[in-house]
Amino acid sequence: MTKAIEEVKTIVEGGVEVNGKYYHDAMPHVQELIYLLRKIEASNENESIESQPLMRKKEPDNHFAAYFNRWRHKRDAPALVSTNVVIWSWIGSFLGIALLCYIHYEICLAYTQNLIFIVGSFGAQAVLLFAAPKAPLAQPWNAVVGNGVSAFAGICSWHLVGDGGVMWLASALAVSFAIVFMHWTNSLHPPGGATALIAVMEMNRVHDLGFLYILFPAVFASMAHVVVALFVNNLSSDKVTHKNSIL
């Protein structure tokens, strides 16, 4: 079998030359192709693929440079989504936040002493539920349970430390324990970190709720938000597909 890859050498600015042909800014793709071709060659010639190293990246001169080398840009930004996806994201986020705010202002504030139904973290939750519904961290379990355990972490941190005036420590504990609880319950949800922090830093109305903050708004509002997401996201013709996604 004729060698598929005879000569490979790196060219400046990320380009690569393969068998005399130059490919501009295509290093990652060519690297993968070379690996697959070498694997085929090795299987046909009973050679070890490890014995034929691929393009070797130049190693930085010291560990300090190697560390900052990991910060380098790895790939281009993803392609823009379709207009249909943008429109349905707008519709879903509008309806979701409108529902939570209606319940908050027209029911909770109007007819109860201290219940609330929305805090700042639900803006971040809306981005996940309606703009990235296929993301594992945007699934119903993550949204409801993740927000709930994060609220619990925040309230506990406030009562243990924040109520005594050590706000910086209470804030750090709230977010850190929220992450721990979300890991333990397999419910990682980025807005949960904000939900925990709000429990410590927000207005007295949140502090007065105490552990009721776990239900209003963390759990119940998240459930309402997820119901809107399930309804709207499944109306879109661009239904996302993810093995664990139901939104």
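Each reported figure results from applying straightforward, stated rules to the coordinates on display, with no laboratory input. The structure displayed is predicted, hence computed values, not measured ones. Don't worry about glycine lacking a Cβ; one is built from the backbone with ideal geometry, like all the others, and counts go over all protein chains shown.
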Virtual spin-label span in nm between Thr185 and Trp141, 7 Å along Cα→Cβ: 1.2 nm
Dmax and Rg, reported as Rg then Dmax, of the range 67-183 (C-alpha, Å): 18.4, 57
Net charge of Cβ neighbours under 15 Å - reference Val119; Lys, Arg +1; Asp, Glu -1: -1
The range 109-247: radius of gyration and largest Cα-Cα distance (Dmax), Å: 15.3, 53
